[in-house]
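Okay, so here's the structure we're looking at.
The values are calculated or read from the model by the stated rules, or taken from the named source; none is laboratory data. Source: prediction; values computed, not measured. Here the Cβ is made from the backbone with ideal geometry for all residues, glycine too, and neighbour counts use every protein chain on show.
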Amino acid sequence: MPSDPTSDPAATRRRVVQLINEGARLLHARRPGEAVTLLTEAYELAPEDPDVAINLGGALIMTSRWSRAVAVLEQAVALHPDNVRLWINLAAAYLGRLEIASPAAQERAIAAYARALTLDPQAPGVHYNLGLIYAERRDWEQAAYWFGEALRLWPDDADAAWWLRQAQNAATASES
């Protein structure tokens, strides 16, 4: 008879790791809805585990459940304030869909991305995402700065290069 994972910490940990791995596999396969189910079970077993929160938060973001992702990720950053990946996911959860994000949501995302950069100045995707937020705001100078930073770190990023040109052209046009 299998042991009860709720009474055996080692069995609980094995189950959590199994759920994280399967959830991550589903996320990689672009099946976030299925991943949410497994990762929610992992979260119920180990709500303090940052890897569970990162994966569950990501799955919730991918399924447009931003407020639930915010709740999970805010709790996680309270427990693990130095985990850059939690801050990056929290920024994405705050933002939701950029095209419809309120100025307040954008500000929360900017603050979370800024926190991520204090932890890791080369945090993947942060500079680019900040550039997108500022481009959406039509703050072309800030957008150009952040896309330039993304290119400084990842010179082969064709999207960042395209956006940098757009931001520079828009900044020049607005000066005229």
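Listed by first and then second residue, the pairs with beta-carbon distance under 7 Å, at least 6 apart or on different chains, first residue in segment 32-44 and at negative phi, second of a type outside the set (A, V, I, L, M, F, W, C) and crowded, with 21+ Cβ neighbours inside 10 Å, are 35/23; 38/23; 39/23; 39/55; 42/23.
When every residue of segment 160-172 is checked against the conditions, none turns out to be surrounded by fewer than 20 Cβ atoms within 10 Å (Cβ to Cβ), of a type outside the set (S, T, N, Q), closer than 30 Å to residue 52 by Cβ and modelled with pLDDT of 95 or more. Where helices (runs of 4 or more DSSP H) sit wholly within segment 1-119, those with at least 1 residues that are aromatic (Phe, Trp, Tyr) occupy 32-45, 66-79, 84-95, 103-119. For segment 122-141, filtering for residues that are surrounded by 14 or more Cβ atoms within 10 Å (Cβ to Cβ) and under 26 Å from residue 83 (Cβ atoms) leaves 12. Filtered by the rule that a residue be touching a residue at least 40 places away in the same chain (Cβ under 8 Å) and among the hydroxyl-bearing types (Ser, Thr, Tyr), segment 45-69 gives no residues. Pairing residues of segment 116-129 that are under 16 Å from residue 93 (Cα atoms) and without any contact (Cβ under 8 Å) to a residue 60 or more places away in the chain with residues that are of a type outside the set (Asp, Glu) and in a loop (DSSP other than H, G, I, E, B), at Cβ distances under 8 Å and at least 6 apart in sequence or on separate chains, gives 116/123.
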